[in-house]
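Input: a single structure, listed below in structure tokens.
Each reported figure results from applying straightforward, stated rules to the coordinates on display, with no laboratory input. None of these values were measured; they are calculated from a predicted model. Positions of Cβ are generated from backbone atoms using ideal geometry, with glycine treated the same way; all protein chains shown enter the neighbour counts.
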Amino acid sequence: MRRLVQIPEALVGLGILAVLVVMALAAPMLFPGDPLAIKGAPLLPPFQEWSLPLGTDRLGRDVLAELFHGARTSLAVGLAAAAAAIAVGAVIGTLAGFAGGILDETLMRITDAFQTVPSFLLALAFVSVVGPSLTVVVIAIALSAWTGPARVARAEVLSIRERDFVAGARVIGMHPLEIALREVLPNALPPVLALSSVIVASAILIEAALSFLGLGDPNRVTWGGMIAEGRTVLRSAPFLSIVPGIALVLTVLGVYLAGEGVVEGTAVRKGLS
Amino acid sequence: MSRALLLLRRRLVGSIFVLLIVIVGTFLLLEAAPGDAVDAYLVSTGGDAGLVEAMRQSWGLDQSAATRLANYLWALLHLDLGQSVAFSRPIRDVILERLPVTLILMGASTALSFGVGSALGIYAGARPGSVRDRVLSTASLALYAVPGFWLALVLVIVFAVDLRWFPISGFETIASGKTGFARAADIARHLVLPVTSLGVIYLALYLRMMRAGMAEVWRLDFIRAARARGLSRRRIVLAHVARNALLPLVTMLGLQSAQMLGGSVVIESIFSVPGLGRLAQEAVAMRDTPLLLGIILVSAILVVLINLLVDIAYAFLDPRVGASEASA
């Protein structure tokens, strides 16, 4: 952790993420009630009124409150989708690499198929068939994001399964499935986890794009939805689209920077030991 | 040449399996969608229960799932993707009509991102750790975090609304009567903003890959040997360092094509470019699931073809690829 703080990029990234987490956690306390409720006159410009510092949107909703509640959605979707994708990918990759043969071949062709379909189109189709809600959006994003972790986990498992402790586990009579999931999988995780920042970032971007097209959870504030809302008054109030966009850019940047910092930090530590 | 052909043959066989899995996947999604083709058809016409049964029977919808999958595959073999409910036309015709526009958009975006990205990457990677390297690396990371659809809106505000340099939307001026070069110039003017919005994130990606690859190559022995031979710095940078760092970028060209097709959905919707992406958005808006799945299938085929092309290019660029198969 101390080494992490010495990399300036990582520090900036972690700082942005910390602010974001605080925003997400404080949203219900600072802005209680429905953030989609009308709070004032429509299209109030920012910095005009103390109670509504960032002004209001086309329907008179508090932009700052929406921004805070939107952080909750983006963060929740990004983390949940990445966690699901990494869990599913790691298990599938481990099984493929450990079993080998027909099972490996089948699972890897399925992975290929998922990588061949554009991930955004797959998410779009899934949400439009099942219907938009936060859980469905998370599943839709994870549906195409698990392929990267699966490939990395498989490659890692191919070398781990030849090690002595795996042979030892076989000798004491452990079930192959138990060896794969309890002995091999945890050892294959570090390089898979290194992918998490990229997956979280792309999950946040895909969620935003889905919401922008009107396929997000209609009962939640999303930054993508806010940008789409602002788009209808783009000429007169460009501010409404620009602010949530900047929040998105900063969030994704924070995730990348923190992720690169962590990878770099652990690499430095390995190099020294 | 035989080396490339052998590689191509192996990849083609693999691709057919992959496409079969995609087809089964789209079929399952189609099954999961509420309502079937008869329901969708009756929304616009209306009809009684007897008519519904008769139509289900004549369209083969009353048979088992396995039979329907077989029928679906059989129809696909005849390049029949079914009927679009929203457009009341064969899905294949609707898609083929929109495909060229998306190919032009993607081609231009790829050319922009690959060309400018790798050039800037060479500029940054020529002196790793220098000021220009740091500036370009930081800027590319920031660009990499920008969502394409938001960038599109910002570009519209600045260059279409305020400065009025470029048209706000469309693929070409409607009913302008332009032909030949004038029409091409008109299309190009319309595509400046969409191409930029779609390509910038990949420009940042290629820049970063090129720079990182060059930083690796600089450390290798043959670069010191090239220096010892007294080659000019310019020649070392271009002919030795950059050339060896280029290969991963070519691989990325194939991987990125699927992502770019996905990105074109939002960009084409914003700029009203009548391509495949906008068609996907229209299919969602008009609840035309068969059309949407047809688009997914065509996109998958497109991605497979692009990756085959990239593989062939790779075999020509790197003599090691497939060498073992040719000798076997």
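When chain A is treated as a Gaussian network with alpha carbon springs shorter than 10 Å, the biggest mean-square fluctuation among A:27, A:150, A:167 belongs to A:167. Charges were assigned to the Cβ only: +1 to each Lys and Arg, -1 to each Asp and Glu. The resulting dipole of chain A about its Cα centre is roughly 200 debye.
Selection among B:117, B:104, B:78 by position relative to the dipole of region B:70-135 gives B:117 as farthest towards the positive end (Cβ unit charges, Cα centre). Shown in residue order for region B:224-236 are the 3J(HN,Hα) couplings computed by the Karplus curve 6.51 cos²θ - 1.76 cosθ + 1.60 at θ = phi - 60°: 4, 4, 5, 4, 5, 6, x, 5, 5, 4, 4, 5, 4 Hz (x for Gly and Pro).
For region B:168-268, calculate the relative contact order in percent as a whole number, restricting contacts to Cα pairs under 8 Å that are 6 or more residues apart.
Relative CO of region B:168-268 lands at 31 percent.
Each part gets one Cα centre, and for region B:105-123 versus region B:240-274 those centres are 9 Å apart.
The value obtained for region A:1-106, namely the Cα convex hull volume divided by the number of residues, is 188 Å³ per residue. Take every Cα pair under 8 Å in chain A that's 6+ residues apart, average their separations, divide by the length, and report that relative contact order as a whole percent. The value is 26 percent.
Summing +1 for each Lys or Arg and -1 for each Asp or Glu among the other residues whose beta-carbon sits under 13 angstrom from that of residue B:220 gives +2. Taken along the Cα-to-beta-carbon direction at a fixed 7 Å, the label points for residue B:9 and residue A:49 span 7.5 nm.
Which trypsin sites (Lys or Arg not before Pro) in region A:222-269 pass both tests, a DSSP loop state and at most 14 other beta-carbon atoms within 10 Å?
Those satisfying the criteria are A:235.
How much net charge surrounds residue A:139 when only the other residues with a Cβ under 14 Å from the Cβ of residue A:139 are counted, with Lys and Arg +1 and Asp and Glu -1? Local net charge: -2. Each Cα pair under 8 Å and six or more residues apart adds its sequence gap; the mean of these over the residue count of chain B is a relative contact order of 27 percent. Here the dipole of the protein assembly as shown is about 2580 debye; that uses its Cα centre as origin and unit charges on the Cβ of Lys and Arg (positive) and Asp and Glu (negative).
Each of A:141, A:172, A:206, A:16 was scored by other Cβ atoms within 10 Å of its Cβ. Arranged with the fewest first, they read A:172, A:16, A:206, A:141.
Across region B:87-101, rounded Karplus estimates of 3J(HN,Hα) from the backbone phi angles (6.51 cos²θ - 1.76 cosθ + 1.60, θ = phi - 60°) give 9, 6, 9, x, 4, 4, 5, 4, 5, 4, 5, 8, 4, x, 4 Hz, Gly and Pro being marked x.
Can you sort A:164, A:57 so the residue with the fewest Cβ neighbours within 10 Å comes first?
So the ranking, lowest neighbour count to highest, is A:164, A:57.
Please state the shape class of region B:90-193: rounded when a/c is under 1.5, otherwise prolate if a/b exceeds b/c and oblate if not, all from the C-alpha gyration tensor. Since a/c reaches 1.5 and a/b is larger than b/c, the shape of region B:90-193 is classed as prolate. Per residue of A:205-213, other chain Cβ atoms within 10 Å of the residue Cβ number 5 on average.
Annotation: amide H-H contacts under 5 Å for residue B:83 (H modelled 1.01 Å from N, sequence separation of 5 or more, or interchain): B:91.
If you bin all the Cα-Cα distances of the protein assembly as shown at 10 Å, starting from zero, the percentages per bin are 3, 14, 24, 27, 20, 9, 3, 0, 0. In chain B, taking the dipole from charged Cβ atoms about the Cα centre, the farthest positive-side position among B:194, B:266, B:57 is held by B:194. Based on the Kirkwood approach, the hydrodynamic radius assigned to region A:38-167 is 17.7 Å, with every pair of different Cα atoms included.
Charge tally for residue A:28 (other residues, Cβ to Cβ under 15 Å; Lys, Arg +1; Asp, Glu -1): -1. Counting only chymotrypsin sites (Phe, Trp or Tyr not before Pro) that DSSP places in a loop and that have at most 15 other Cβ atoms within 10 Å, the longest clean stretch of chain A runs over A:51-273. For region B:49-57, putting each phi into the Karplus relation 6.51 cos²θ - 1.76 cosθ + 1.60 with θ = phi - 60° gives couplings of 4, x, 4, 4, 4, 4, 5, 4, 5 Hz, in residue order, rounded to whole numbers and with x for Gly and Pro.
Between B:211, B:189, B:227, the Gaussian network model of chain B with springs among Cα atoms under 10 angstrom shows the greatest mean-square fluctuation at B:227. Sorting B:320, B:92 from the fewest to the most surrounding beta carbons within 10 angstrom yields B:320, B:92.
Only one residue of A:55, B:232, A:261 has its Cα farthest out toward the positive end of the dipole of the protein assembly as shown, where Lys and Arg carry +1 and Asp and Glu -1 on Cβ, and that residue is B:232.
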